[in-house]
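Only the coordinates and a few stated rules stand behind these numbers; no lab work does. A quick note: this is a predicted structure, and the numbers were derived from the prediction, not measured. A quick note on method: Cβ atoms are made from the backbone with ideal geometry, for glycine too, and the neighbour counts reach across all protein chains shown.
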Amino acid sequence: EPCPGRISIAPIAQSGYSHRTHLYILGLAESHFPSPVSPDPAVDDEDRARWSMPQRRERSQGDTAHLIRLLGVAHHVTLSAHRLVLADGREPFPTPLFSQVARQTQIRPLWQRPMAQRGLGCDDLE
């Protein structure tokens, strides 16, 4: 239960209903958002259709719809993407959804990369 003066952490589908003045959405990198459409090892698409379960492609559409809803209801939003992939050292791109929204709304977002600070944490080699 969200309380004033406290941090509330929730999946994107359950976020934005507590009327917080500032909303932080984390993990908007190309490989994580919207949810990648990949095979489900437990339940394939035929079984999902037979049991009236959501299809894999619907999951990513739902993620996008929830993000758009959050952007519409929140007063202040900070969006965050990964800065570095520890496994291979590359910098991933933000979700392609950012570019799509910028094209459709003709709004140019402010991009700000975090300042590089060395020696303040561990990486995958330490």
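See the values below:
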| item | result |
| --- | --- |
| FRET efficiency, 1/(1 + (r/R0)^6) with R0 30 Å, evaluated for Asp88 and His22 via beta carbons | 0.35 |
| Interchain or long-range residues, amide H under 5 Å from Val77's placed H | Leu23 |
